[in-house]
Amino acid sequence: MKYIFVTGGVVSSLGKGLAAAALGTLLELRGLRVVFQKFDPYLNVDPGTMSPFQHGEVYVLNDGAETDLDLGHYERFTNCVLSRHNNLTSGQVYESVINKERRGDYLGKTVQVIPHVTDEIKNRIREISDESKYDVVITEVGGTTGDIEGLPFLEAIRQFILEVGTHNVVNIHVTLVPYIRAARELKTKPTQQSIAKLREIGLQPQVLICRSERPLDDELREKLSMFCNVSPRAVIEAADVKHTVYEVPLMLHDEGLDGLICDQLGLKTPEPELANWRKFVESVVNPKKRIRIAVVGKYIDLQDAYKSIYESLTHAAASQDCGIDLKLIDAESLQEGIDGQLRDVAGVLIPGGFGDRGVEGKIKAAKFARENKVPYLGLCLGMQVATIEFARNVCGLDKANSTEFDKDAGDPVISLLEEQREVQNKGASMRLGTWPTKIEKGTLAEKIYGSGEVLERHRHRYEFNMDYRERMHDKGFTISGTSPDGSLAELIELRDHPYFLACQYHPEFQSKPNKPHPLFKGFIQAALAHKT
Ligand code: GLN
């Protein structure tokens, strides 16, 4: 088994996760079987309880693990399917160590960061090192080198390398090479100091991925090579991408990253087969047509809050040789009235969310899409607001609401299941992960999916209240997908509308380049057919 560790230095937000994912793409296209792991040094057990302001999107895996959004990059950029074993936080490490201590597993010893915490971390790397499944494990360490929280992870990696042998490991350090305008120069000092920090704890990177606004010339590459103790070939330039993150694998390949890593690990592989990837990038960069899609949400100013949704739109649009102009609309700005904000869009997408802020604005947007026959895709909360809207404005149930927003709603069309009513803890207590949905025959959903049963990922507490099913059905609201026993509504559509689909689950977690999710693809096709 071969191991690649990816650390980051100087500042955060350098795109370490993307670099790791893009390297995974290249290795996979060389025929290697790749798996990823992310270490997050914070003390939360998982990011499920964190606000999007703190953390961006929470990415949900098949097994229901609520994880860091980098796992989304990993799954989108490769064929790997991850589980809760692939994201380890300090919170999980300490939880496990303390549980063992309480059980008496340490037999009276003093429990310490070294070796007990570091052993726990090393075990997690070993756990996924299954040679029958993978050739390479790529482990990304969250945070920035020098952070106190990150130290146990780096120490564990140092020990691990000693155990498996340096010939089986490559350490990559993603760093910033800033351009100082006054001096008209790129500066290597922050990188040198970041590497010095790593060396202090016994880690020597073999590869530098240098994020920089300007190209690195030979002299600078030599300087970085010499001071950071890596070969000149291992100084990899990573400029900002021009158009799309999907260019990253191509850029890193042009810099020779994948060939270098394979040489360093002694892996004999052919050059990567990049034709399909290039074709996909080409259709993202140079589409023949463009459409405008509105996303009406609560966190539209945060780039990362709806990451998987924006990526899914990109995948679907590329498959139709189409580019997307996103119109991001703050749901709260629609509370008083839509005021023409949706007049020029070819489709309306309402993402998931929690809490009542902006909900009335989303309900207005759903009404606009229904009445004006604008294609609509509702995801999770986006389905719940569409349901409330239809109940209020078509079925005449003025008091319709979700009990999330009004505990005593006169008509609780969205409400808690009995089993959720008792739940007190906030962490990992929702309906999570992949569940089957049975698709109703003769519906638009059946046409779109081309299948009678689908598997989709969930993250919600509230459900459609089946007491309202008949009444709403009579007026044109069809439940086109349910749980296999028929008790839970998973997918709804409006009969008198070209494309009004909304699901209780999150299809955005299963879309990839060259493999767009059917609901997104159908949405883009409908948007293209819709004249604005
Ligand atoms: N707040 C809603 C629920 O808990 C929707 C959740 C979501 O959109 N992910 O059911």
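The values are calculated or read from the model by the stated rules, or taken from the named source; none is laboratory data. Since the structure is predicted, the reported quantities are computational estimates derived from the model, not experimental observations. A quick note on method: Cβ atoms are made from the backbone with ideal geometry, for glycine too, and the neighbour counts reach across all protein chains shown.
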For the range 348-375, give me the residue count where each residue is more than 9 Å from the ligand (Cβ to nearest atom) and either part of a loop (DSSP other than H, G, I, E, B) or aliphatic (A, V, I, L, M) (or both). 15
Out of (1) under 30 Å from residue 389 (Cα atoms); (2) in contact with a helix residue (DSSP H, G or I) (Cβ under 8 Å, 6 or more places away or on another chain); (3) assigned to a loop (DSSP other than H, G, I, E, B); (4) among the acidic types (Asp, Glu), the odd one out for residue 273 is which? (1)
Taking the condition within 11 Å of the ligand (Cβ to nearest atom) and assigned to a strand (DSSP E or B), does residue 329 pass? no
Residue pairs meeting the criteria (Cβ under 7 Å; at least 6 apart or on separate chains; first of a type in the set (Gly, Ala, Ser), in the range 249-276; second part of a helix (DSSP H, G or I)): 256/233; 266/167
Quick check, is residue 219 charged (D, E, K, R) and in a helix (DSSP H, G or I)? yes
Count of residues meeting criterion [among the aromatic types (Phe, Trp, Tyr) and under 32 Å from the mean Cα position of the chain (by Cα)] in the range 221-275: 1
Mind listing just one residue for me: the one in the range 400-414 that is surrounded by fewer than 20 Cβ atoms within 10 Å (Cβ to Cβ) and out of contact with any Lys or Arg (no Cβ under 8 Å at 6 or more places or on another chain) and, of those, nearest to residue 462 (Cα to Cα)? 403
Report, ordered by the first and then the second residue, all pairs with beta carbons closer than 7 Å, sequence separation of six or more or different chains, a first member in the range 462-479 that is touching a residue at least 40 places away in the same chain (Cβ under 8 Å), and a second member that is among the charged types (D, E, K, R). 462/404; 476/495; 476/496
Restricting the range 142-171 to residues that are assigned to a helix (DSSP H, G or I) and touching a Gly at 6+ places or on another chain (Cβ under 7 Å), the residue that is nearest to residue 123 (Cα to Cα): 158
So, residue 300, is that one of a type outside the set (Asp, Glu), without any contact (Cβ under 8 Å) to a residue 60 or more places away in the chain and in the same structural domain as residue 381 (by TED's automatic domain parsing) or not? yes
Looking at the range 499-520, can you tell me whether even one residue there is without any contact (Cβ under 8 Å) to a residue 40 or more places away in the chain and within 15 Å of the ligand (Cβ to nearest atom)? no
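Here's the yes/no breakdown for (1) under 22 Å from residue 148 (Cβ atoms); (2) buried (at least 24 other Cβ atoms within 10 Å of the Cβ); (3) under 19 Å from the mean Cα position of the chain (by Cα):
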residue	(1), (2), (3)
5	yes, yes, no
18	no, no, yes
22	no, yes, yes
26	no, yes, no
29	no, no, no
38	yes, yes, yes
41	yes, no, yes
45	yes, no, yes
Residues that are more than 15 Å from the ligand (Cβ to nearest atom): find the strands (runs of 3 or more DSSP E) completely inside the range 407-475 holding 3 or more of those. 431-439, 453-460
